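The structure under discussion appears below in the form of structure tokens.
The values are calculated or read from the model by the stated rules, or taken from the named source; none is laboratory data. Since the model is a prediction, treat every value here as computed from it, not as a measurement. All Cβ positions, glycine included, derive from the backbone under ideal geometry; neighbour counts span all protein chains shown. Note: accessible area is taken over every heavy atom of the protein model, side chains too, but ligands, DNA and RNA are not part of it. Shrake-Rupley method; radii C 1.70, N 1.55, O 1.52, S 1.80 Å.
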Amino acid sequence: MTTAYAQRNELERTSWVHGLLRKRYYDVLMLFSSRASRLVPELSSDRLLMRQLTLRDETEWINLRYANTQWLEPWDPTSPLGVPEPMTFAQMIRAKNEAARDGSGFSWAIALPQLHQSRPPLIGQVSLSGIQYGAARSGSIGYWIDRSHAGFGLMPEACALVIDHCFESLELHRLEINIRPENEASLRVVEKLGFRDEGLRRGFLHINGAWADHRTFALNREELSTTMLERIYER
């Protein structure tokens with residue numbers, strides 16, 4: 001009986017280890033496989049390519065963020081619970097893939113295909129988070145762009161691609177963008193997009209080490225008579 005019990009325990013332990021190894025293998029496989037790259041659909045316009053971030057982007061993405069530290073840091077979200085344990089790039093990619101897999105969020109890297117056809121350089125990012133389905137069917141959009149590429153209408157165009165995808169493919173009904181009142185560059189983006197101003201939210205998000213007020217801008221699907229891309233081209 002003792003021998004049989006020990007053998008059963010060994011079989012259970014071996015099965016658990018094999019299951020854990022399979023899960024880790026699957027996670028790694030998803031990071032590198034073409035299936036992982038399809039978690040976020042590619043979107044494109046005449047000037048832009050919007051695609052999923054991958055592990056191959058690590059050096060370029062880190063260098064881009066570092067070069068724009070002063071430009072982006074005043075608007076970056078922080079934790080009110082203190083400085084969290086640093087997340088590696090691979091961990092960030094895994095988290096984004098998991099969000100895309102369960103439909104709670106999507107993130108697109110912005111690239112310029114006209115400059116380099118083989119590997120277009122990254123210039124920013126657009127994220128869709130807090131997606132709610134059911135009766136709400138809503139989500140929140142966030143974005144950032146390299147300072148040297150700001151002011152050329154690229155960010156409104158990138159957001160327009162994501163907005164059209166949200167309304168047409170994800171069948172969302174409402175999208176919102178929350179912006180610090182003093183972030184003039186970001187305010188110009190929502191002005192170009194034609195989002196309505198819903199007012200000020202006091203201490204809405206923890207930004208750059210403190211709770212900060214934000215203005216909320218929103219758009220419902222029925223407020224668009226054309227695609228968003230067509231709207232910004234007309235303006």
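Tabulated data for the structure shown
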read-out	value
Flag for L161 being open to solvent by 10 Å² or more (accessible area, probe 1.4 Å) and touching a residue at least 60 places away in the same chain (Cβ under 8 Å)	yes
Exclusive hit being more than 24 Å from P74 (Cβ to Cβ), of a type in the set (V, I, T), out of contact with any Phe, Trp or Tyr (no Cβ under 7 Å at 6 or more places or on another chain) and not in a loop (DSSP other than H, G, I, E, B), set I141, I131	I131
Any hit, segment 157-172, residues being under 23 Å from L64 (Cα atoms), part of a strand (DSSP E or B) and modelled with pLDDT of 95 or more	no
Whichever residue in segment 93-124 is open to solvent by less than 20 Å² (accessible area, probe 1.4 Å) and part of a helix (DSSP H, G or I) and, among such residues, is nearest to A67 (Cα to Cα)	I93
Test result for I110, under 21 Å from P41 (Cβ atoms), modelled with pLDDT of 95 or more and of a type in the set (V, I, T)	yes
Test result for R174, open to solvent by 30 Å² or more (accessible area, probe 1.4 Å) and over 24 Å from W75 (Cβ atoms)	no
Test: residue in segment 52-64 that is of a type in the set (K, R) and touching a strand residue (DSSP E or B) at 6+ places or on another chain (Cβ under 9 Å)	no
Selected residue (criterion: nearest to E230 (Cα to Cα)) from residues of segment 125-142 that are open to solvent by 50 Å² or more (accessible area, probe 1.4 Å) and hydroxyl-bearing (S, T, Y)	S129
Selection count where residues are assigned to a helix (DSSP H, G or I) and not β-branched (V, I, T), scope segment 186-231	13
Subset of segment 40-55 (residues that are assigned to a loop (DSSP other than H, G, I, E, B) and not hydroxyl-bearing (S, T, Y))	V40, P41, E42, D46, R47, L48, Q52, L53
Filtered residues of segment 180-195 (kept if farther than 18 Å from E157 by Cα and open to solvent by 30 Å² or more (accessible area, probe 1.4 Å))	R180, P181, E182
Where a residue in segment 67-81 is within 16 Å of G124 (Cβ to Cβ) and its partner, wherever it lies, is open to solvent by 60 Å² or more (accessible area, probe 1.4 Å) and part of a helix (DSSP H, G or I), with Cβ under 8 Å and at least six apart	N68/R147; W71/R147
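Conditions (1) hydrophobic (A, V, I, L, M, F, W, C); (2) open to solvent by less than 90 Å² (accessible area, probe 1.4 Å); (3) over 18 Å from the mean Cα position of the chain (by Cα); (4) modelled with pLDDT under 95, marked per residue:
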site	(1), (2), (3), (4)
T2	no, no, yes, yes
D27	no, yes, yes, yes
R51	no, yes, no, no
E85	no, no, yes, yes
